[in-house]
Amino acid sequence: MATSTQLGSSAEPPPTHGSPVRPDGPGKARSKVPLMHRLDVKGAPYAFIAPFFVIFAAFSFYPLIYTAWISLHQVELSTFDVMHWQGLDNYTALVADERFWNALRNTITIGVISTVPQLLMALGLAHLLNYRMRASTFFRVAAITPYATSVGAAALVFTMLFQRDFGMINWGLGLVGVDPIDWENSTGASQTAISAIVIWRWTGYNALLYLAAMQAVPLERYEAAAIDGANRWQQFRTVTVPGIKATIVFTIVLSTIGATQLFGEPLIFGQGPNGVTGGIDNQYQTLGLLLYEEGWKNYQMGRAATVAWAMFLLLVLVFVLQRVISRLRNRTH
């Protein structure tokens, strides 16, 4: 017993879990292990996120910079490797081009009349889906179905619905005594029809975003509001909407980006050459269609790149305005 006690007191304690092995002495082990530990702790997160930044640099950042370089040159699609320096001439020509301002007005108009009703309808739909009901999963899947439909199929179906002579929309309006509407050649009617396609495709998607945010609102807030005598509408206005404010701002920004890049719906709605020009009188030509017309119809890639950068700068301006308004509101409150 005495011998075993003496050996136990003189022997080194067994290594704990995660302790380094010391084959070359304690000093050398202490110098190596912290370095490996620091590389593991500090370097591993960068290694995990590196693939995203590599893909982003290759497919997003580099095309963005290269597009800016092309916008400073005169480049034709047939001879893409031949560039003639223009400086800011493409930008000055774009500012003086009436087609650009017409496309900008159309983009803003279609964006407003499609985004505002879309987000309001999505908010109401999410509020209804947030209640306990039978077959709730079915209704949630049904709400996202239009988003899963391709833009080509949706635009073709709505194009047939909005036909002047044989469309179902004009047929329904005729039943109540309204004359047939020329949906494609009228400015307001064509923009309304295109907005209907956007609303149909994106309302369910935004509704599910709102629904996920609503389910994260604590139930205690609703219980406190109910104790204070608030009805369902007052609870929605004072509890639900403030609780999902961040998601509402996110959907507004996302819808603004989508409206600025609107392309497929008006292109297919035009049914042919009129789709590229946005109608006979460019009545629904968006910035995306103007970019396509300059690059793939007029073969002027420098001008097309200029339009692309104008769209990018427009989004930056909207983002800056949103941040300024948000800060001003926070200061007032």
Of the conditions (1) surrounded by 13 or more Cβ atoms within 10 Å (Cβ to Cβ); (2) assigned to a helix (DSSP H, G or I); (3) among the hydrophobic types (A, V, I, L, M, F, W, C); (4) at pLDDT 90 or above, the single one that Val276 does not satisfy is (4)
### Query
Is it the case that some residue within the stretch 225-232 is within 19 Å of Glu98 (Cα to Cα), open to solvent by less than 50 Å² (accessible area, probe 1.4 Å) and in the same structural domain as Phe158 (by TED's automatic domain parsing)?
no
Output for Cβ contacts, cut-off 6 Å, separation at least six or different chains, first residue not assigned by TED's automatic domain parsing to the domain that holds Ala308 in the stretch 249-268, second open to solvent by less than 40 Å² (accessible area, probe 1.4 Å), reads none
Scanning the stretch 82-103 residue by residue, those part of a helix (DSSP H, G or I), open to solvent by 30 Å² or more (accessible area, probe 1.4 Å) and in contact with a helix residue (DSSP H, G or I) (Cβ under 7 Å, 6 or more places away or on another chain) turn out to be Tyr91, Arg99
Restricting attention to the stretch 281-333, the residues that are outside any helix (DSSP H, G or I), hydroxyl-bearing (Ser, Thr, Tyr) and either open to solvent by 60 Å² or more (accessible area, probe 1.4 Å) or under 17 Å from Leu94 (Cα atoms) (or both) number exactly 2
Restricting attention to the stretch 161-206, the residues that are β-branched (Val, Ile, Thr), in contact with an Asp or Glu (Cβ under 8 Å, 6 or more places away or on another chain) and buried (at least 19 other Cβ atoms within 10 Å of the Cβ) number exactly 3
Scanning the stretch 207-220 for residues that are among the aliphatic types (A, V, I, L, M) and either in a helix (DSSP H, G or I) or surrounded by 22 or more Cβ atoms within 10 Å (Cβ to Cβ) (or both), the one modelled with the lowest pLDDT turns out to be Leu219
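The values are calculated or read from the model by the stated rules, or taken from the named source; none is laboratory data. Only a predicted model underlies this, so the values are computations on that prediction, with no experimental measurement involved. Heads up, the Cβs are rebuilt from the backbone with ideal geometry, glycines too, and the neighbour counts pull from every protein chain shown. Ligands, DNA and RNA are stripped out before the accessible areas are found, and what is left, the full protein with its side chains, is counted by its heavy atoms. Shrake-Rupley method; radii C 1.70, N 1.55, O 1.52, S 1.80 Å.
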